[in-house]
1. Could you list, in sequence order, the residues of the range 851-862 that are over 38 Å from the mean Cα position of the chain (by Cα) and crowded, with 18+ Cβ neighbours inside 10 Å?
2. Can you find a residue in the range 132-147 that is surrounded by fewer than 21 Cβ atoms within 10 Å (Cβ to Cβ), part of a strand (DSSP E or B) and without any contact (Cβ under 8 Å) to a residue 60 or more places away in the chain?
3. Taking the range 619-657 as the search range and keeping residues that are among the aromatic types (Phe, Trp, Tyr) and modelled with pLDDT under 95, which one is surrounded by the fewest Cβ atoms within 10 Å (Cβ to Cβ)?
4. Can you tell me how many residues within the range 737-748 are buried (at least 22 other Cβ atoms within 10 Å of the Cβ) and in a strand (DSSP E or B)?
5. Where residues in the range 409-434 are farther than 24 Å from Tyr329 by Cα, hydrophobic (A, V, I, L, M, F, W, C) and part of a strand (DSSP E or B), which of them is nearest to the chain's Cα centre (by Cα)?
6. Scan the range 636-654 for residues that are over 18 Å from the mean Cα position of the chain (by Cα) and farther than 15 Å from Thr592 by Cβ and jot them down.
7. Would you check if Gly378 is out of contact with any Cys (no Cβ under 7 Å at 6 or more places or on another chain) and at pLDDT 95 or above?
8. Do we have Val317 as in contact with a Gly (Cβ under 9 Å, 6 or more places away or on another chain), β-branched (Val, Ile, Thr) and at pLDDT 95 or above here?
Amino acid sequence: MRACMLSPFTTLKIALIALFATLITTAFLFIPTQTKEEKLEHLTKNALVKFLELPLYFEGNVGQLPSEIKYKTQRLGHSFYFTEQEIAIAVPIAKKSEQKQEFSVLKMEFVKANQNLNLKGVDEQSCKSHYFIGSNSNQWHIDIPNYTKEIYENLYTGIDAVFYGNGQVLEYDLCVAPGADPNEVHVHFEGIKELTLDKKGNLQISTPDGQQLLMQKPFVYQINNEKKAEIPGEFVLLAKNDIGFKIGSYDRSSSLIIDPILSYSTHLGGSGEDFGVALAVDTSGNAYIAGLANSVDFPTTPGAFQEILTGDIDSFVSKLNASGTALIYSTYLGGSLNDLANELVIDSSGNAYITGSTFSPNYPTTPGAFQVSPPGSGANAFLTKLNATGSALIFSTYLGGSGVNQSASLAIDSAGNSYLTGLTTSADFPVTPGAFQTTLNGVFNSFITKFNSTGSALIYSTYLGGSQAEQGTRITVDSSNQAYAIGATLSTDFPVTPGAFQTSKPGATNGYVTKLNATGTALIYSTYLGGNNLDGPSGIAVDSTGNAHIVGFTDSTNFPTTPGAFQTSFLGTRDAFALKLNATGTGLIYSTLLGGSTTNQATSLVLEPSGSIYLVGITASPDFPTTPDAFQSTLAGGIDVILSQLNAEGSALLYSTYMGGSADDLGLGIALDGMGGLYIAGASASSNFPTTPDSFQPTLAGSNSAFIAKFRLAAPIVPIVTAISPNSGSESGGTVVTITGSSFTATSEVFFGSTAAIFEIISDTEIRAIAPPGMGTVQVVITGPTGTSETTPASAFTYLPEPPQPGKVLPPTHLKGTQKKNRFLSQTDYINVLKWKAPKQGNPPISYKIYRLPQLNKAISVTPAFLPLEFKDHNRKKSKAYTYLIIAVDEFGNVSAPASITVKPN
C-alpha cells in the first residue's frame, strides 16, 4: 500500500465485485448539449467502454467529461465516475439483443468528508486516451493521461481512500494514520433499492432492477511473532442507505496487512471428464494449464494445433488471459489412444513444454526429434514443446524403451535444455555412456534424462534406483544445471551418499531426494526421506543457496519433524508434510506435518522470495487448520482443495484455506506471477465450486472439469526513492549518483526525468546510476513491473550549469572492442582490447575513466590521453560479453557523458 503516504497505517480492503453476468458493449463517447446534471446522468447511463485485455486505469478529465468529474474508469461492464463529492457507478441492465442498453445508476457519497481533500491520480502510465468526436478538431481531446491509482487524500482527517484495479475488479483501501478514527468513515448510497449484510458480513447492494453488487467484508490483521492476529472489522448499517465501519482495538504503532482475496476462478472443461494437473504463469499474468480431457467439446480455439479430440483421453494445453475471462489459446494434444500430460513449464518467450505418458502409436512428433516412433507397445514418455501461440509444435518426441515408460515431471534450464524424471520397466531405456547408472536394477526404476534445447538428442540419461522399484515424481534444476529429483522407493539398496540425512530405508515405501551433478555422472547427495510407513514427496523447489523445499504426504506416525515446527504430531490417517533440506542433503532445517483428522496431502508448492512457501493439495479433514482470514473456513465436500502459506521457519501458518464445493475438488498446481498474484489449478466435480461471475467458464459443464483460480495476495509494492546523493551534477551528465529507497528489483529501470540512465543495482535498497545529460531540476524515478516510484522532494536532481570555463569536454568516438587470446609460458590470458578516438570538438581530454559494468562505484582504469588511445582488460572469461563505459576528463575537471562499448566473445 505504498500509495498511502501515512505510516504506520490501517488498511481496510473493500472489493467491489459484480455478482451477475454482464453484457459487454463498446460505444463512442457523445455528449449532447445539456445541463451539468443532465450531462452527468447521460454519461453514467451511456458511456460504456470495456477493454478486457488491458489493466484497469483511471482516466483524467481534460475537458472530454463534465467538469464535476475528475477521473473515470470502466471495467466488467461497469463505469465509475469520480467527483470530489461522490462516485457514480453505471451498472448495465440485462436486455434482449434488440433493445438499447440501459443502466442502473447508483452513487456513493462519503458523508461529512473534508472539503479540502485532494483528489489525484497516481502512477501515470505511458498509454493515453484519445477522443475524436465530430468533424471539429477543436472539440477533439488527445493524450489524456491514465493512472493506475486514484487517491482521495485527506478524505477524513488522517484517512485516505485509494482506488485501484485488481485484475478485472475495482478495489479501494482506507488508509488510516495513527490517531485517526476509522469509525468516522460514513458512506451514503443513492439510486439503490436496499442494503443488506449477508451471513459472512459482506454488504449486498440491490439495484431497483433486481441486480446486485457485493462489497466483501473488510478484513484486517497484524503480524505478531510471525503469526497473523485478526483485528475485528465489519460493516455497520447506519440508516436505510448508509453504512459505516466498526474496527476493534489494535496496536496503532504497527501496520495492518491485507488478506488474500479471490481475483478470479473459472472452470475449464466440456461435457465429459477433464482434469487440470499442471500450471504455469508468465510475467504478464497469463495462466497456462495442462491436463487430461475426454470431452469432445473441451474448449479449444481456432487455429490451435489440435482442435478435436482424437483419442479416448487426450492431453490439453490452455492459455488463459490475465483477467481469467478468455482463452488466448487452447488445444488438445494426443493421438488415437490415451495421452496423459503430467507437467507443464514455460520459457521466457511463452513457449510451453509438456511431458507425460502416451499409449498412442501416433502421438504427434516432429522430424528430427530424438524418438519419432513409439519405442514400446505400451506406455511411453513424451516431451513436447508448443509455440507461444499454441498453433504448432516446435519439437515433440517419445522417450522410452520396450517396456513401460512414464514421465512425471519436467524442468528447463536457461539454455532451454529439458530435464525429465519418471519411471521405466525398460531394460533398454535410452541412457548415455558414463551416466551415473546405465542398467536397470529393479522391476522398475526411476530415470533422470536431460534433452538438448531442440529435443533432438540426449545430453545425459540415467536410471536411478535399487533392486526393487522406484518412481520419480518431481524434478527441478538450479542455476548450475544440477538436477534435484524426488520420488518414492521400495528398495533397501536405493543409491544414497555417505553422511546424507537418512542412509537407511526407514519404512515400507519411502521418499527419496537426489541431487545429480551437471553432467549426470555422479550423485552430489542422495537420501531416503520418511518414517515407518508410506511416504510420498510430490513437490520440490530449490532456493538460491541450494536448500531444497519439499512437500508431499505421509502415512508414517514417526515422519521426521523438527522442534518448534508448526505441527510435530501425526493427526490423521494421512498427513501432508513440508520440509526444508539443507544444501548438502545432510539435515533438515525444518520439517512439519500439516493436516486434520483424516486424509491430507500436499501436491505442489511454490517458493516466495522471503523464504515462505505456498502449497496446494487436498484434504478430507473437517478440522484441517485454517487461518482467520481464510477464503473458505470449512470443508464443503468430500474432498476439498487446500491452499496454505507456511513461514520461512516452518513454525507458523501465515495463511490457510479450504476451496471447494459439495463434491470432490483436487488442488494439483500452483504458481506465483511476481506481481502479487497467486494461482492454483486442479480438478473439480462440484457444480457449486467457487467461481467468479465474469470468468471464462463460471459453471461446471460436465461431470468433472479443470479449474484455475487466482488470488491477489496484496496490493503491489512499488519502488520508493527516499534519498539521492549527490542531488546535483553537471548538465553534461556523468555524475555518479547513489539512489536509496526500497523495493528495487532486477527488473527496475532508472530515469532522470524522461531520460533513461545507466545504473547498477547494489541491493533492494540501493542503486548506483550515472546521470545522463540534462537541464534544470528533474525527478529521479524507479520503474518496475509493479509500478513507478512517486515523485517527492527527496527524489529531485538538479542539473548545474557548466562553470565559466572554456568549452566542455565531449565523449570519445569510434569505439572498438575485441577479445584476444594471449599465451605466456603455460598460462592463457583472454584480453579485451578497447580502442577509441578523441572527440574533435570541445575541450581536449587529458584522461579517460573506464568502467566495466555493472560496477560503477570505481573506475577500473584512468588512462592518460596519450596515443594510441587504448586499454587492455586482462583475465577475462572466454565465453562472456563485457560492457564498458569510457568517460573523457578535461583539464578543468569536466567529465563527458559516457560512451559505451560491448566486447563479445569470438
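1. Matches in the range 851-862: none.
2. Checking the range 132-147: at least one residue is surrounded by fewer than 21 Cβ atoms within 10 Å (Cβ to Cβ), part of a strand (DSSP E or B) and without any contact (Cβ under 8 Å) to a residue 60 or more places away in the chain.
3. Ranking the candidates gives Phe631 first.
4. Matching residues across the range 737-748 total 2.
5. Residue satisfying both the conditions and the ranking: Leu420.
6. Ala636, Gly637, Gly638, Ile639, Asp640, Val641
7. When the stated conditions are applied, Gly378 does not pass them.
8. Against the criterion (in contact with a Gly (Cβ under 9 Å, 6 or more places away or on another chain), β-branched (Val, Ile, Thr) and at pLDDT 95 or above), Val317 qualifies.
The values are calculated or read from the model by the stated rules, or taken from the named source; none is laboratory data. Every value quoted in this text rests on a predicted model; they were computed, and no experiment measured them. When we count neighbours, we look across all protein chains shown, and the Cβ atoms used for this are built from the backbone with ideal geometry, even at glycine.
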